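The values are calculated or read from the model by the stated rules, or taken from the named source; none is laboratory data. No experiment lies behind these values; they were computed from the predicted model shown. A quick note on method: Cβ atoms are made from the backbone with ideal geometry, for glycine too, and the neighbour counts reach across all protein chains shown. Heavy atoms of the whole protein, side chains included, go into the accessibility calculation; ligands, DNA and RNA do not. Shrake-Rupley method; radii C 1.70, N 1.55, O 1.52, S 1.80 Å.
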Amino acid sequence: QTEHPRAWGLHIFAMSEVSLTANLDQALRLVDAQEARQQGEAWLKAAVQSGDHRVRSLGLCKVAEALCSEKDFASAAEKVKAAKEIAEEQSLDDCLAVVKLQLARICAQPGGNADKALDLAEDALQSFQRLQSRRGEAACALLLGDMYALLQDKDQAVRKHKEALAAFRQMGDTSAVGYLQLRIAQDHLAGPRSLKPPTAALAAAEKAVAAYQVTKELRMEGSSWMVVAEAQGEMKEVASAKESIGKACDIFAELKETSLEVKALEALTQICLRNNLPAEAVKAAKGAVTACHKAGDHQGEARALLSLAELLLSFDASGARKVLAVAKNMMQELRMTEVKDCQQLEAQCDHAEAVAEVERAIHRNRDFLHVPRVLVVDPGGRQRLQQEFADFAKAV
């Protein structure tokens, strides 16, 4: 039995809408740069085989998203331009909405056109509202929050990020919920130290950790533990911050992400310095050197040694010079461009040692006081001076 032609046509339309929603939903899903690139390239390959203009346009946008994450904004702009041409030629409203979102991301780069980025993001938001794409609206709110954060409008950033959080939570997207909690925590930690509410940041960061533990996204969980530590450091809870950084380091070590492990230890170094714990800061900096050494990352080890030398310079110039010598030798052997930084630090070591020598000389002579003789109270002094002069004259 065959279906009525009109019914068959409606059936195909319905299937098309399901496919459209799925593609648009995937195009707007929050993923890291590597996954975005893989997804975008897969769509582009599929579009070549099927001739599907929508898939090609969305694929170009997804690759552009990856390029934005990698800070290659020029290449991202080229991809988005091609996606826009396809979308306009084929009258693909959903693709045009995604194009506007990606263009807003490109304009929102540091040093970009902030006003244009805000206009594009608001325009994209209206487009997604017409398409009844809840995920698109949430993505726009997230981007607007990021823009306000760059503009240092903390209240607006938190408000927009909370809007996006509510939308993603309603959709049941636990991964996106974790990311938004992380962004909100970072919003609270931004700006002058006196205006930071560390308790609010800590609460949001801990919720991000919990979300990523559910989704088993280890890298993001580790990054969340670092923000937890940052908030704990602001609350003077250095012991707790060390534990949180330790959890982050364990995760990054398991993933064999040495650069992230070093980043976590560098964060701990700064937390210790802000809390006037230089010895603990040095210990954390040495931990970064050890992490690179164990991983066989010789260039990373040399950079970590240079950072350790810079840290030691402020209170142990001779120790800094010894560490610097090791770092410089390694960099020369590896032909690293950072050798010039070693030379600059050597000059700073010379200056610090000269200052230290002056300070030591002052300390050695701290009891010495020069007083002009005419001001010295010395009974009989004038008579002795006259007698000494008379004796000298006779001798001559």
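Pick from segment 234-246 the residues that are among the charged types (D, E, K, R) and surrounded by fewer than 17 Cβ atoms within 10 Å (Cβ to Cβ): which of them is modelled with the highest pLDDT?
Top of the filtered list is GLU243.
Table: residues versus (1) among the polar types (S, T, N, Q); (2) open to solvent by 30 Å² or more (accessible area, probe 1.4 Å); (3) more than 22 Å from LEU265 (Cα to Cα).
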position: LYS322; (1), (2), (3): no, yes, no
position: ALA325; (1), (2), (3): no, yes, yes
position: GLN343; (1), (2), (3): yes, yes, yes
position: ALA354; (1), (2), (3): no, yes, yes
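Against the definition (more than 25 Å from the chain's Cα centre (by Cα), at pLDDT 95 or above and of a type outside the set (S, T, N, Q)), how does LYS160 come out, yes or no?
Against the criterion (more than 25 Å from the chain's Cα centre (by Cα), at pLDDT 95 or above and of a type outside the set (S, T, N, Q)), LYS160 does not qualify.
Among the residues of segment 197-225, which ones are over 15 Å from ASP32 (Cβ atoms), open to solvent by 30 Å² or more (accessible area, probe 1.4 Å) and at pLDDT 95 or above?
Selection gives ALA203, GLU206, LYS207, ALA210, GLN213, VAL214, TRP225.
Please find, among ALA166, ALA190, ALA185, the residue that is over 18 Å from ALA264 (Cβ atoms) and in contact (Cβ under 8 Å) with a residue 24 or more places away in the chain.
Checking each option against the conditions leaves just ALA190.
Conditions first: (1) of a type outside the set (Lys, Arg); (2) open to solvent by 60 Å² or more (accessible area, probe 1.4 Å); (3) modelled with pLDDT under 95. ALA36 passes all but one, so which condition is the exception?
For ALA36, the exception is condition (2).
Taking the conditions exactly as written (surrounded by fewer than 14 Cβ atoms within 10 Å (Cβ to Cβ) and modelled with pLDDT under 90), does ALA42 satisfy them or not?
Answer is no for this residue.
Conditions: (1) more than 21 Å from ASN276 (Cβ to Cβ); (2) assigned to a helix (DSSP H, G or I); (3) without any contact (Cβ under 8 Å) to a residue 60 or more places away in the chain. ALA229 meets all but one. Number of the miss?
Among (1) more than 21 Å from ASN276 (Cβ to Cβ); (2) assigned to a helix (DSSP H, G or I); (3) without any contact (Cβ under 8 Å) to a residue 60 or more places away in the chain, the lone unmet condition for ALA229 is (1).
Go through (1) touching a helix residue (DSSP H, G or I) at 6+ places or on another chain (Cβ under 7 Å); (2) assigned to a helix (DSSP H, G or I); (3) open to solvent by 40 Å² or more (accessible area, probe 1.4 Å); (4) modelled with pLDDT under 95 and name the single condition ASP115 misses.
Status for ASP115: all satisfied but (1).
Kindly list, by first and then second residue, each pair from a residue in segment 79-101 that is without any contact (Cβ under 8 Å) to a residue 24 or more places away in the chain and closer than 16 Å to ALA36 by Cβ to a residue that is among the β-branched types (Val, Ile, Thr) and crowded, with 20+ Cβ neighbours inside 10 Å, limited to pairs with Cβ atoms under 8 Å and residues at least 6 apart or on different chains.
Listed pairs, sorted by first residue: LYS79/VAL63.
Quick test of your reading of the structure: ASP94 fulfils all but one of (1) more than 25 Å from the chain's Cα centre (by Cα); (2) within 22 Å of ASP153 (Cβ to Cβ); (3) crowded, with 21+ Cβ neighbours inside 10 Å. Name the failing condition by number.
The one condition ASP94 does not meet is (2).
Kindly provide the set of residues from segment 179-209 that are under 14 Å from LEU165 (Cβ atoms) and more than 17 Å from the chain's Cα centre (by Cα), ordered by number.
Listed by number, the residues that qualify are ALA200, ALA203, ALA204, LYS207.
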